[in-house]
Amino acid sequence: MVVLNAPPPWIQVQTRHLLALDGHAWLLHGPSGLGQYSLALELARAWLCDRPGATGACGDCPSCHAIDVRGHTDLCVLMPETLMLELGWPLGEKAQVEIDDKKRKPSKEIRVEALRDAVEFAQRTSGRGRGKVALVYPAERMNAIAANALLKTLEEPAGDLRFVLASEAAHQLLPTIRSRCLGHTMVWPAPAEAAHWLRQQGVQPAEVEVLLRAAGGRPDDALAYSRAGLDTQSWSGLPKALARGDGSLLANWAPSQTVDALLKLCHDLLAVKAGAAPRFFATADLPPAGSLIVLTEWWRDLVGTARTVEHPFNAGLMLETLVSRARMALNSRP
Ligand SMILES: [Zn+2]
């Protein structure tokens, strides 16, 4: 067993559970940061493994090795190209050439062309004789055309093809896709379990608690924050910095991360207004809550911005607007 790359304990428990149920098409869903991708990959590994056990893949057979080096002929991975590159999966030959030749940038969506390759894959015979697996993540990043191509494959599955779709926004999927799959709601790890795992991943013990709170208890998100250089001091200081109109902490963040952080701040201020405990920040980090009406309007604005944030017209200007809007809301009179 490869202990180094072993998935977190809460993913291992879910792998065991799903393998015992023996579904042929799973939809793993829940909010981001709970390990949908890890669980999907563990299922795929177990299904294709030469010596699978009740707990999952053996980690040591040619099939497991082929997956570890991202070269298994019976595994078709459908992800946005940006994510494929980040996670070390090879792109299709044609796509790679187009990107190398700078004809286009890696796509943030799951491309229709990739789905067409997947349909071909579905019709091929299994190379290693243990069936085939298609892994789709995040499934909500398919447009309608791509989703329909997938649906056709789901409706007429070649006998030995299994699916695992992982989603962080399953409500955005076509209902026809949802209804073709068995659903599994991702399980939240206990806080102590998540904290222990983060320390194992090299997150400084002093940072763990605050990063986990910043991530709303989602361990993968907390780890991503840590790797992006977020520390306790900057997160704790963010609300009061914004109240002063200082958005320097956000300068290097992607616009979507900025909006996410502002939504968390606004959420906490509204929670405090309602007499509840904040979720993402410590009470002491928050400025006195502003006007309920202004905060509610700010929330609506942010939700609207979150929908279009992937393609800002001008990222610098957008940040300036977001910070000035935050300052106004934070300084509004109760
Ligand atoms: Zn194996």
Subject >> Residue among Cys76, Cys49 that alone is more than 16 Å from the ligand (Cβ to nearest atom), in contact (Cβ under 8 Å) with a residue 40 or more places away in the chain and under 20 Å from Gly23 (Cα atoms) >> reply: Cys76
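Criterion first (in contact (Cβ under 8 Å) with a residue 60 or more places away in the chain, crowded, with 20+ Cβ neighbours inside 10 Å, in a helix (DSSP H, G or I) and touching a helix residue (DSSP H, G or I) at 6+ places or on another chain (Cβ under 6 Å)) does Leu295 satisfy it?
Details: in contact (Cβ under 8 Å) with a residue 60 or more places away in the chain: no; crowded, with 20+ Cβ neighbours inside 10 Å: yes; in a helix (DSSP H, G or I): yes; touching a helix residue (DSSP H, G or I) at 6+ places or on another chain (Cβ under 6 Å): yes.
Against the criterion (in contact (Cβ under 8 Å) with a residue 60 or more places away in the chain, crowded, with 20+ Cβ neighbours inside 10 Å, in a helix (DSSP H, G or I) and touching a helix residue (DSSP H, G or I) at 6+ places or on another chain (Cβ under 6 Å)), Leu295 does not qualify.
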Subject >> Within the stretch 52-61, considering residues that are in contact (Cβ under 8 Å) with a residue 24 or more places away in the chain and of a type outside the set (D, E, K, R), the one nearest to the ligand (Cβ to nearest atom) >> reply: Cys58
**OP:** Go through the stretch 27-46 and count every residue that is within 13 Å of the ligand (Cβ to nearest atom) and either closer than 23 Å to Ala195 by Cβ or of a type in the set (Gly, Ala, Ser) (or both).
**Re:** 3
Original post:
For Pro175, all conditions in the list (1) modelled with pLDDT of 90 or more; (2) touching a strand residue (DSSP E or B) at 6+ places or on another chain (Cβ under 8 Å) hold save one; what is the number of the exception?
Top reply: (2)
Original post:
For the stretch 266-284, does any single residue satisfy the condition of being in a helix (DSSP H, G or I), open to solvent by less than 20 Å² (accessible area, probe 1.4 Å) and in contact (Cβ under 8 Å) with a residue 60 or more places away in the chain?
Top reply: yes
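The values are calculated or read from the model by the stated rules, or taken from the named source; none is laboratory data. Note that the coordinates shown come from a computational prediction; the quantities given were computed from them, not determined experimentally. Here Cβ is always computed from backbone atoms with ideal geometry, including for glycine, and neighbour counts include all displayed protein chains. Heads up: the accessible areas ignore ligands, DNA and RNA and are worked out on the full protein's heavy atoms, side chains in. Shrake-Rupley method; radii C 1.70, N 1.55, O 1.52, S 1.80 Å.
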